[in-house]
Amino acid sequence: MKVIRLRGRDTVYSSNVYLVLGTSNKKEDLNTLVDVGPDAFILSEVWTLSTGVGKLPIEQVVVTHNKSNHAAGLPSIRAAFEPKVFAGQMDHGVDQAVADGDWIRMGDREFEVLHVPEQSSDSICLLCHEEGILFSGDALLSIRQTGGTHSSRYIAFLENLIAMKIKQVYPGHGDPISCGIQEMLSESLHNATGRIAAYEWA
(Lines give C-alpha, C1' and ligand atoms only; values in the text may rest on other atoms or scores of the structure.)
Protein backbone atom coordinates (compact mmCIF):
# COMPACT_ATOMS: atom_id res chain seq x y z
CA MET A 1 0.00 0.00 0.00
CA LYS A 2 1.14 3.51 -0.82
CA VAL A 3 -0.31 6.66 0.77
CA ILE A 4 0.20 10.00 -0.94
CA ARG A 5 -0.66 13.19 0.92
CA LEU A 6 -1.96 15.68 -1.64
CA ARG A 7 -0.81 19.21 -0.94
CA GLY A 8 -2.84 21.38 -3.27
CA ARG A 9 -2.52 25.13 -2.71
CA ASP A 10 -1.33 26.65 0.55
CA THR A 11 -3.89 29.45 0.17
CA VAL A 12 -6.85 27.06 0.54
CA TYR A 13 -7.97 25.98 4.02
CA SER A 14 -8.55 22.28 3.75
CA SER A 15 -8.47 19.01 5.55
CA ASN A 16 -5.68 16.66 4.62
CA VAL A 17 -6.44 14.70 1.45
CA TYR A 18 -4.82 11.29 0.95
CA LEU A 19 -4.63 9.08 -2.13
CA VAL A 20 -4.30 5.39 -1.26
CA LEU A 21 -2.81 3.14 -3.94
CA GLY A 22 -1.70 -0.46 -4.18
CA THR A 23 2.03 -1.07 -3.80
CA SER A 24 2.37 -2.24 -7.41
CA ASN A 25 -0.47 -0.24 -9.01
CA LYS A 26 -2.14 -3.43 -10.18
CA LYS A 27 -5.37 -3.36 -12.14
CA GLU A 28 -7.33 -4.88 -9.24
CA ASP A 29 -6.10 -2.28 -6.72
CA LEU A 30 -8.66 0.41 -5.89
CA ASN A 31 -7.22 3.91 -6.10
CA THR A 32 -8.99 5.61 -3.21
CA LEU A 33 -9.19 9.21 -2.09
CA VAL A 34 -9.72 9.77 1.64
CA ASP A 35 -11.54 13.12 1.91
CA VAL A 36 -11.54 15.57 -0.98
CA GLY A 37 -10.97 19.05 0.43
CA PRO A 38 -13.11 22.15 -0.13
CA ASP A 39 -12.90 22.42 -3.94
CA ALA A 40 -11.02 21.04 -6.95
CA PHE A 41 -7.62 22.14 -5.60
CA ILE A 42 -6.06 18.64 -5.84
CA LEU A 43 -7.01 17.84 -9.44
CA SER A 44 -3.89 19.16 -11.17
CA GLU A 45 -1.67 17.24 -8.75
CA VAL A 46 -3.60 13.99 -9.12
CA TRP A 47 -3.17 13.94 -12.90
CA THR A 48 0.65 14.03 -12.51
CA LEU A 49 0.81 10.87 -10.38
CA SER A 50 1.56 7.32 -11.51
CA THR A 51 -1.57 5.46 -10.44
CA GLY A 52 -1.60 2.41 -12.73
CA VAL A 53 -1.83 1.79 -16.47
CA GLY A 54 -5.38 1.92 -17.82
CA LYS A 55 -6.79 3.03 -14.47
CA LEU A 56 -8.40 6.26 -13.38
CA PRO A 57 -6.32 8.05 -10.73
CA ILE A 58 -9.35 8.06 -8.41
CA GLU A 59 -11.72 5.08 -8.55
CA GLN A 60 -13.45 5.61 -5.22
CA VAL A 61 -13.71 8.19 -2.44
CA VAL A 62 -14.24 7.82 1.29
CA VAL A 63 -15.43 10.94 3.12
CA THR A 64 -14.64 10.85 6.85
CA HIS A 65 -17.45 13.32 7.58
CA ASN A 66 -19.55 15.90 5.77
CA LYS A 67 -17.78 19.09 6.81
CA SER A 68 -17.05 21.59 4.05
CA ASN A 69 -13.26 21.55 4.33
CA HIS A 70 -13.34 17.73 4.06
CA ALA A 71 -16.14 17.20 1.56
CA ALA A 72 -17.22 20.31 -0.37
CA GLY A 73 -14.98 19.45 -3.33
CA LEU A 74 -16.86 16.21 -3.98
CA PRO A 75 -18.86 17.47 -7.01
CA SER A 76 -15.60 18.39 -8.80
CA ILE A 77 -14.06 15.00 -8.06
CA ARG A 78 -17.20 13.19 -9.22
CA ALA A 79 -17.25 15.19 -12.45
CA ALA A 80 -13.61 14.41 -13.20
CA PHE A 81 -13.45 10.70 -12.30
CA GLU A 82 -16.98 9.36 -11.60
CA PRO A 83 -15.77 7.44 -8.51
CA LYS A 84 -17.91 5.41 -6.12
CA VAL A 85 -18.34 7.47 -2.95
CA PHE A 86 -18.60 6.09 0.58
CA ALA A 87 -19.50 8.14 3.67
CA GLY A 88 -20.96 7.74 7.14
CA GLN A 89 -24.39 8.79 5.94
CA MET A 90 -26.25 9.26 2.69
CA ASP A 91 -25.84 12.80 1.38
CA HIS A 92 -25.88 14.33 -2.08
CA GLY A 93 -23.11 12.71 -4.08
CA VAL A 94 -22.71 9.70 -1.77
CA ASP A 95 -23.30 6.25 -3.31
CA GLN A 96 -23.09 4.08 -0.22
CA ALA A 97 -23.39 4.78 3.50
CA VAL A 98 -21.07 2.79 5.75
CA ALA A 99 -21.37 2.00 9.44
CA ASP A 100 -19.17 0.88 12.31
CA GLY A 101 -17.73 -2.56 11.53
CA ASP A 102 -18.10 -2.35 7.74
CA TRP A 103 -15.07 -2.97 5.51
CA ILE A 104 -13.78 -1.03 2.50
CA ARG A 105 -10.94 -2.10 0.19
CA MET A 106 -8.53 0.79 -0.43
CA GLY A 107 -5.48 0.29 -2.63
CA ASP A 108 -4.53 -3.33 -2.02
CA ARG A 109 -5.65 -3.53 1.62
CA GLU A 110 -8.88 -3.92 3.59
CA PHE A 111 -9.94 -1.20 6.04
CA GLU A 112 -12.46 -1.46 8.85
CA VAL A 113 -14.86 1.45 9.34
CA LEU A 114 -14.88 2.80 12.90
CA HIS A 115 -17.61 5.21 14.00
CA VAL A 116 -16.20 8.15 15.97
CA PRO A 117 -18.16 9.04 19.11
CA GLU A 118 -18.36 12.70 20.16
CA GLN A 119 -17.83 13.91 16.59
CA SER A 120 -20.61 14.43 14.04
CA SER A 121 -23.11 11.61 13.58
CA ASP A 122 -21.48 10.62 10.28
CA SER A 123 -17.84 10.80 11.43
CA ILE A 124 -15.71 7.72 10.70
CA CYS A 125 -12.13 6.46 10.88
CA LEU A 126 -10.57 3.81 8.65
CA LEU A 127 -8.27 1.15 10.11
CA CYS A 128 -6.09 -1.36 8.25
CA HIS A 129 -5.39 -4.07 10.82
CA GLU A 130 -2.78 -5.74 8.62
CA GLU A 131 -0.59 -2.64 8.42
CA GLY A 132 -1.63 -0.88 11.64
CA ILE A 133 -2.64 2.22 9.66
CA LEU A 134 -5.41 4.57 10.77
CA PHE A 135 -7.02 7.38 8.78
CA SER A 136 -8.47 9.30 11.71
CA GLY A 137 -10.41 12.16 10.11
CA ASP A 138 -11.25 14.63 12.88
CA ALA A 139 -11.32 12.04 15.67
CA LEU A 140 -9.93 13.41 18.93
CA LEU A 141 -6.95 11.17 19.68
CA SER A 142 -4.87 13.45 21.89
CA ILE A 143 -6.38 14.70 25.17
CA ARG A 144 -3.72 16.69 27.01
CA GLN A 145 -5.72 17.99 29.95
CA THR A 146 -7.79 16.34 32.65
CA GLY A 147 -11.24 17.39 33.74
CA GLY A 148 -13.20 17.15 30.49
CA THR A 149 -16.45 15.28 30.01
CA HIS A 150 -16.30 12.27 27.71
CA SER A 151 -18.96 9.68 26.97
CA SER A 152 -18.56 5.99 27.77
CA ARG A 153 -18.70 5.31 24.02
CA TYR A 154 -15.72 7.57 23.43
CA ILE A 155 -13.77 5.94 26.26
CA ALA A 156 -14.47 2.54 24.69
CA PHE A 157 -13.31 3.93 21.34
CA LEU A 158 -9.97 4.97 22.89
CA GLU A 159 -9.57 1.62 24.61
CA ASN A 160 -10.19 -0.22 21.34
CA LEU A 161 -7.61 1.91 19.51
CA ILE A 162 -5.01 1.18 22.19
CA ALA A 163 -5.64 -2.57 21.85
CA MET A 164 -5.16 -2.37 18.06
CA LYS A 165 -1.49 -1.29 18.29
CA ILE A 166 -1.62 1.36 15.59
CA LYS A 167 1.69 2.11 13.88
CA GLN A 168 0.75 5.06 11.63
CA VAL A 169 -1.94 7.71 11.87
CA TYR A 170 -2.99 9.89 8.94
CA PRO A 171 -5.08 12.64 10.58
CA GLY A 172 -7.57 14.98 9.01
CA HIS A 173 -5.38 17.93 10.00
CA GLY A 174 -1.70 18.19 10.81
CA ASP A 175 1.19 15.91 9.94
CA PRO A 176 1.02 12.11 9.89
CA ILE A 177 2.03 10.46 13.16
CA SER A 178 4.40 7.50 13.27
CA CYS A 179 6.00 7.71 16.73
CA GLY A 180 4.53 7.60 20.23
CA ILE A 181 1.03 6.64 19.13
CA GLN A 182 0.35 4.15 21.92
CA GLU A 183 1.69 6.59 24.48
CA MET A 184 -0.50 9.38 23.10
CA LEU A 185 -3.62 7.24 23.23
CA SER A 186 -2.80 5.97 26.71
CA GLU A 187 -2.29 9.53 27.94
CA SER A 188 -5.62 10.50 26.41
CA LEU A 189 -7.38 7.65 28.19
CA HIS A 190 -5.73 8.60 31.47
CA ASN A 191 -6.69 12.26 31.10
CA ALA A 192 -10.25 11.34 30.13
CA THR A 193 -10.82 8.78 32.90
CA GLY A 194 -7.98 8.85 35.41
CA ARG A 195 -7.12 5.28 34.41
CA ILE A 196 -3.79 4.16 33.03
CA ALA A 197 -4.01 1.90 29.99
CA ALA A 198 -2.09 -1.34 30.07
CA TYR A 199 -0.54 -2.22 26.72
CA GLU A 200 2.42 -4.01 25.26
CA TRP A 201 4.37 -2.44 22.44
CA ALA A 202 7.16 -3.99 20.42
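Taking the condition free of Cβ contacts under 8 Å to residues at least 24 places away in the same chain, under 17 Å from the mean Cα position of the chain (by Cα) and surrounded by fewer than 17 Cβ atoms within 10 Å (Cβ to Cβ), does residue 99 pass? Yes: the conditions hold for residue 99. Quick one: in the stretch 162-174, which of the residues that are at pLDDT below 95 and of a type outside the set (A, V, I, L, M) is surrounded by the most Cβ atoms within 10 Å (Cβ to Cβ)? Ranking the qualifying residues of the stretch 162-174, first place goes to 172.
Restricting the stretch 6-20 to residues that are surrounded by fewer than 13 Cβ atoms within 10 Å (Cβ to Cβ) and of a type in the set (Ser, Thr, Tyr), which is modelled with the lowest pLDDT?
Residues of the stretch 6-20 that are surrounded by fewer than 13 Cβ atoms within 10 Å (Cβ to Cβ), as a first pass: 7, 9-11, 13.
Applying the additional criterion that residues be of a type in the set (Ser, Thr, Tyr) yields 11, 13.
Details: 11: 58, 13: 74.
For the stretch 6-20, the residue satisfying everything is 11.
Can you pull out every residue in the stretch 31-46 that is of a type in the set (A, V, I, L, M, F, W, C) and either in contact with a Phe, Trp or Tyr (Cβ under 6 Å, 6 or more places away or on another chain) or in a helix (DSSP H, G or I) (or both)?
Initial filter on the stretch 31-46 (of a type in the set (A, V, I, L, M, F, W, C)): 33-34, 36, 40-43, 46.
Hits for the stretch 31-46 are 34, 43, 46.
Which residues, taken from the stretch 129-169, are of a type in the set (A, V, I, L, M), in a helix (DSSP H, G or I) and out of contact with any strand residue (DSSP E or B) (no Cβ under 8 Å at 6 or more places or on another chain)?
Narrowing the stretch 129-169 to residues of a type in the set (A, V, I, L, M): 133-134, 139-141, 143, 155-156, 158, 161-164, 166, 169.
Among the residues that remain, those that are also in a helix (DSSP H, G or I) are: 155-156, 158, 161-163.
Once the filter is applied, which keeps residues that are of a type in the set (A, V, I, L, M), in a helix (DSSP H, G or I) and out of contact with any strand residue (DSSP E or B) (no Cβ under 8 Å at 6 or more places or on another chain), the stretch 129-169 yields 155, 156, 158, 162, 163.
Filtering 130, 59, 112 for residues that are surrounded by fewer than 14 Cβ atoms within 10 Å (Cβ to Cβ) and of a type in the set (D, E, K, R) leaves a single hit, 130. Scanning the stretch 90-108 for residues that are on the phi < 0 side of the Ramachandran plot and modelled with pLDDT under 95 yields 90, 91, 92. When the criteria are applied in full, residue 122 fails the requirement of being of a type in the set (D, E, K, R), crowded, with 17+ Cβ neighbours inside 10 Å and in contact with a helix residue (DSSP H, G or I) (Cβ under 8 Å, 6 or more places away or on another chain). When the residues of the stretch 47-65 are filtered to those that are of a type in the set (A, V, I, L, M, F, W, C) and in a loop (DSSP other than H, G, I, E, B), the one that is farthest from residue 90 (Cα to Cα) is 53.
Determine, yes or no, whether residue 45 is surrounded by fewer than 19 Cβ atoms within 10 Å (Cβ to Cβ), modelled with pLDDT under 95, of a type outside the set (Gly, Ala, Ser) and within 20 Å of the chain's Cα centre (by Cα). Answer is yes for this residue.
State whether the residues of the stretch 60-69 include one that is closer than 22 Å to residue 22 by Cα, without any contact (Cβ under 8 Å) to a residue 60 or more places away in the chain and more than 14 Å from the chain's Cα centre (by Cα). Among the residues of the stretch 60-69, not one is closer than 22 Å to residue 22 by Cα, without any contact (Cβ under 8 Å) to a residue 60 or more places away in the chain and more than 14 Å from the chain's Cα centre (by Cα), which makes the answer no.
The values are calculated or read from the model by the stated rules, or taken from the named source; none is laboratory data. This structure is a prediction, so every number in the text was calculated from the model and none was measured. Counting neighbours? That spans all protein chains shown, and the Cβs are built from the backbone with ideal geometry, glycine included.
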